[in-house]
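First the structure, in the form of structure tokens, and then the observations on it.
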């Protein structure tokens with residue numbers, strides 16, 4: 001991810017996440033769809049990457065109590 005991302009700027013932060021996901025997936029295949037799910041507090045819960053209708057991977061986001069990103073796991 002870009003070191004210049006300001007995490008209080010959600011549009012830029014999510015674009016950075018999208019770009020990183022695209023870079024990860026481009027090693028394997030081209031993505032055709034990204035699907036997002038959200039936590040009740042508005043933070044990103046999961047990002048699912050697809051090629052056509054096939055799920056390639058899921059990124060799961062964990063947030064600390066202060067609202068900053070704690071970890072991202074891939075499955």
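The values are calculated or read from the model by the stated rules, or taken from the named source; none is laboratory data. Every value quoted in this text rests on a predicted model; they were computed, and no experiment measured them. All Cβ positions, even for glycine, are placed from backbone atoms using ideal geometry, and neighbour counts span all protein chains on display.
Here is the figure for the stretch 1-36: residues that are modelled with pLDDT under 65 and more than 22 Å from residue 68 (Cβ to Cβ) total 5. Could you please find all residues in the stretch 37-55 being within 17 Å of residue 21 (Cβ to Cβ), modelled with pLDDT under 90 and out of contact with any strand residue (DSSP E or B) (no Cβ under 7 Å at 6 or more places or on another chain)? Residues satisfying the conditions are 51, 52. Pairs linking a residue in the stretch 1-20 that is closer than 16 Å to residue 61 by Cβ to a residue that is modelled with pLDDT of 75 or more and loosely packed, with under 11 Cβ neighbours inside 10 Å, with Cβ atoms under 7 Å and 6 or more positions apart or on different chains, are 7/68.
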